[in-house]
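First comes the structure, then the notes that go with it.
Quick note: the coordinates plus some simple rules give every number you see, no bench work behind them. The structure displayed is predicted, hence computed values, not measured ones. Virtual Cβ from ideal backbone geometry, glycine too; neighbours counted across all protein chains shown.
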Amino acid sequence: MSTSGLDADLTAEIDLAATLFDSLRDRSRSRLGVTRASYGEGEQMAHDLMSQLGETLDLERRIDAAGNLYLTLPGRDRSLPVIMTGSHLDSVPEGGNYDGAAGVVAGMATLARWRRAGRQPHRDITVMGVRAEELSWFPAPYIGSRAAFGLLEPEALDACRRPDTGKTLAEHMVLAGFAPDRIRAGEAQIAVDRVHCFLELHIEQGPVLVQRALPVGIVTGIRGNLRYRHCHIAGRYGHAGAEPRESRQDALLAGVDFIHRLESLWLEHERDGKDLVCTVGQFHTDTAVHTMTKIPGELWFTMDLRSEDNDVLLAIDRRLRIHADEISQQRRVRMDLGDYTNALPGPIDPAHLQRLTQLAKTLGIPAMTMASGAGHDAAVFGNRGIPTAMIFIRNEHGSHNPDEAMEMADFAQGLKLLVAAVEDIDAAL
Ligand SMILES: [Zn+2]
């Protein structure tokens with residue numbers, strides 16, 4: 001494992017990254033934070049900024065039919081599959097400056113490091129600026145990266161409208177100069193067998209690294225989810241004073257019983273070391289009918305269950321349905337969990353995970369392994385069978401808000417790891 005080459009001194013690249021972050025912030029500043037709408041002005045500005053730097057660094061540029069940007073440092077053997085790194089350049093409305101952008105900036109800094117060293121890699125190294133990752137603008141996940149693999153469902157192009165403009169995704173793509181018809185036809189913009197690996201650096205969107213006082217996280221898996229939007233319990237309304245306990249059909253108590261059982265399952269998984277997080281985000285009676293003196297006759301709730309392991313999710317679904325049947329019998333209600341949607345977890349390549357862990361140790365970068373609770377473009381690459389890995393950077397106050405606070409010193413640690421990983425992968429020819 002070589003760690004002696006490009007990682008030695010990154011001062012110039014950290015300065016470059018700081019300048020890029022400042023430019024991005026200055027040019028997409030909005031009322032409270034930054035706003036870089038998918039297929040909008042802010043996102044385009046970010047793509048243009050990276051393109052300009054690509055020109056300065058004499059990189060090859062390609063823009064695909066969906067508007068994804070690829071900036072490539074040519075390797076000595078152009079026939080080899082490429083090392084790819086990058087992330088998305090859009091942001092939520094009034095978001096922070098780092099969610100997404102940090103990964104593209106880190107990729108550009110990595111290429112700048114190769115250029116400054118005057119060295120040429122064996123393989124091409126490509127930085128990808130992904131379009132439209134944030135769901136706030138168009139309600140379809142991973143638009144840019146799925147379009148890149150020809151996986152975006154055609155309906156998304158016409159059914160998804162940006163709330164601020166009322167225009168469809170296809171209309172916005174055309175306005176920005178891209179070719180939605182090629183995406184509609186399922187034309188792949190990236191050939192899977194041309195990508196050696198995909199590495200995505202991203203700010204952590206939760207508090208774990210802050211809590212553990214560590215600058216860097218190495219991702220073990222990107223959690224998939226089971227989402228239940230229409231869980232329903234039908235009981236019977238009754239008088240709060242007159243109805244004896246035995247004859248009640250209290251939908252709310254049935255719901256509470258169920259949620260307790262869900263939490264017990266969660267704790268059991270935690271004890272067994274299995275990755276799982278559970279959220280009941282909505283839990284309500286009927287506001288038009290309920291009142292303080294009535295036994296609740298109906299209840300609705302949602303569930304969002306996430307795990308790195310889809311088998312864990314499917315197994316817990318089976319057990320929850322057994323619990324629902326039991327509760328229905330015991331409490332004389334009809335409990336229906338309804339349908340779920342299943343987003344597959346994003347697999348992380350074990351060899352790359354091991355490489356990042358080992359490099360962090362060798363380079364003295366304080367780091368921990370952790371699951372990614374949020375979805376990322378890397379999940380799309382991983383699910384296409386491309387060996388994929390992710391580096392998290394500590395970030396205070398979470399993301400998707402103007403208070404994202406990534407320290408450049410932490411970014412520097414993550415960049416050091418990315419630069420070393422890319423070099424090591426390239427050397428392992
Ligand atoms: Zn992001």
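At a glance:
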item: Residue-span extension gain [Met368 to Arg227] - 0.36 nm each, minus C-alpha spacing; result: 47.9 nm
item: Choice from Arg271, Arg76, Arg394 with maximal GNM fluctuation in the chain (Cα, 10 Å cutoff); result: Arg271
item: Interatomic Cα distance distribution for the chain, bins of 20 angstrom, percent; result: 25, 50, 21, 4, 0
item: Considering only region 72-194, percent of DSSP beta bridges that pair antiparallel, nearest 5; result: 35
item: Residue exposure sequence - Met370, Met390 - by fewest surrounding Cβ within 10 Å; result: Met370, Met390
item: Contact order normalised by residue count of region 1-138, Cα under 8 Å, 6+ apart, percent; result: 32
item: Cα-only Debye scattering, region 224-343: base-10 log of I(q)/I(0) at q = 0.11 Å⁻¹; result: -0.39
item: Stretchable slack from Thr279 to Thr291, in nm (0.36 nm times residue separation minus alpha-carbon distance); result: 1.7 nm
item: Nitroxide proxy distance, nm - points 7 Å out along Cα→Cβ at Val208 and Asp193; result: 3.6
item: Net charge of Cβ neighbours under 14 Å - reference Asp22; Lys, Arg +1; Asp, Glu -1; result: +1
item: Residues Asp193, Asp349 arranged by fewest to most Cβ contacts within 10 Å; result: Asp193, Asp349
item: Assigned charges on the beta-carbon of Lys, Arg, Asp, Glu; region 224-343 dipole about Cα centre (debye); result: 440
item: Stretch gain in nm, segment Arg115-Gln330, where the contour uses 0.36 nm per residue and the Cα spacing is subtracted; result: 70.4 nm
item: Packing rank of 58-69, 236-247, 127-138, where each peptide gets the mean count of other beta carbons within 10 Å, highest leading; result: 127-138, 58-69, 236-247
item: Helix-only CD estimate at 222 nm, as mean residue ellipticity for the chain, using -39500 (n - 2.57) per DSSP H run (n ≥ 4); result: -12000 deg cm²/dmol
item: Cβ-derived FRET efficiency at R0 51 Å, Leu175 paired with Leu267, nearest 0.05; result: 0.50
item: Label-point separation in nm, Ala405 to Gln52, each point 7 Å along Cα→Cβ; result: 3.0
